[in-house]
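Report on the following structure.
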Amino acid sequence: MASLLPGAGKGLALVRKDDGLVPLLGDAVLANVNQRMEVLRKKFGDRFAEMGLNDFVRSKQETPQTVNLLVLRSVDIDSHLENNPETTLGLLHDTLKRIRVAVHKLAKAGFHDVVIATDHGFFLNAQAQPGDVCVKPAGTWLMVHDRCLLGDGAADSHSFVISAEKLGVRGDFNQVAGPRSMAPYKSGLLYFHGGASLQELVVPVLTIRIEPAGAPVLEQATVHISYKNGATRTTTRLPVIEVLLEGDIFSQAADFEILLEAQDKKGNVVGEAKAGGLVNQATGTLTLKPGERVQVTLKMQMDFEGKFTVKALNPTTLAVYCSLALETDYTV
């Protein structure tokens, strides 16, 4: 994460501390998020502000007019996949949904440029088998992110060893080592990063230029959702929801985007519109014109049972257009 800071390309170094490594930028220790944000705060003063992505999405407060650099942070994707990659992969879409809402709020707040970046890629090995692990090469090494070793040693048939100087990595070590295969140095991992694969190394950066608002779009419409002519219990994990969009004669040519979700009583997403057909595979939304009536399949989470609410949402503000209370009634 420290590598994303201004000047990190030329000044970031890793130094040994106790049994690990600590990043340094000049004389500043960057061991935690507060220290990283302090670098920006010292550089930009009251022109800088920062907060968590989720806090920004939920916040009703306006960004101070002095701020022209606002940093929004999220570690949800990384933490979810590190803790339980098999069952939380779907939560990636939830973070992407919040990023979209944040961009919409930034536009309203008067920002003109948005940069979406991450500090690393990752590899998801759903086919991992027992024994899929790489043996460390001989030498003195510190392990970083399960697929990278820093220190001194010799290459072997399992691991490559490259001079740290050649890789542009500065610190209290001479060499960098990593697995030649797609296995980590620790067993039992489905999600990992830090190695030399394209999935881990190639990090995309998305820049968005927010232009002044153009022609007005349809923002108000009446959405109706129903299930099996008024039924309140679902007997399948793929219930089909009917969606009807009503508009007036002035909005017949406009498109209207809807995000359909099933949420439990705590607001956790337990079902989403099944991708394909009318449902955009990238955004999970469906686009309708006023007067259209369609059927959308919800894909419920396999481990969820109980009461839930189907909500038709505005994908850019998460405002609720309408909702439908249902309950599972699966046959065992």
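Laid out as a table, the results:
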{"item": "Qualifying positions in segment 255-279 - touching a strand residue (DSSP E or B) at 6+ places or on another chain (Cβ under 7 Å) and part of a loop (DSSP other than H, G, I, E, B)", "result": "Asp255, Asp264, Lys265, Lys274, Leu278"}
{"item": "Those residues of segment 285-332 which are within 23 Å of the chain's Cα centre (by Cα) and of a type in the set (Phe, Trp, Tyr), in sequence order", "result": "Phe304"}
{"item": "Among the residues listed as Asp146, Asp119, Asp132, the single one being in the same structural domain as Leu96 (by TED's automatic domain parsing), under 30 Å from Asn84 (Cα atoms) and part of a loop (DSSP other than H, G, I, E, B)", "result": "Asp119"}
{"item": "Exclusive hit being hydroxyl-bearing (Ser, Thr, Tyr) and at pLDDT 95 or above, set Thr283, Thr287, Thr222, Thr309", "result": "Thr309"}
{"item": "Which numbered condition Asp78 fails, given (1) acidic (Asp, Glu); (2) surrounded by 11 or more Cβ atoms within 10 Å (Cβ to Cβ); (3) over 27 Å from the mean Cα position of the chain (by Cα)", "result": "(3)"}
{"item": "Candidates Phe304, Phe308, filtered to the one that is in contact (Cβ under 8 Å) with a residue 40 or more places away in the chain, touching a strand residue (DSSP E or B) at 6+ places or on another chain (Cβ under 9 Å) and either of a type in the set (Val, Ile, Thr) or surrounded by fewer than 19 Cβ atoms within 10 Å (Cβ to Cβ) (or both)", "result": "Phe304"}
{"item": "Residue list for segment 7-45, filter: charged (D, E, K, R), touching a residue at least 24 places away in the same chain (Cβ under 8 Å), surrounded by fewer than 17 Cβ atoms within 10 Å (Cβ to Cβ) and under 18 Å from Val71 (Cβ atoms)", "result": "Lys43"}
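The values are calculated or read from the model by the stated rules, or taken from the named source; none is laboratory data. These numbers were taken from a predicted model, which means no experiment stands behind them. Note that we place each Cβ from the backbone using ideal geometry, even for glycine, and neighbour counts take in every protein chain shown.
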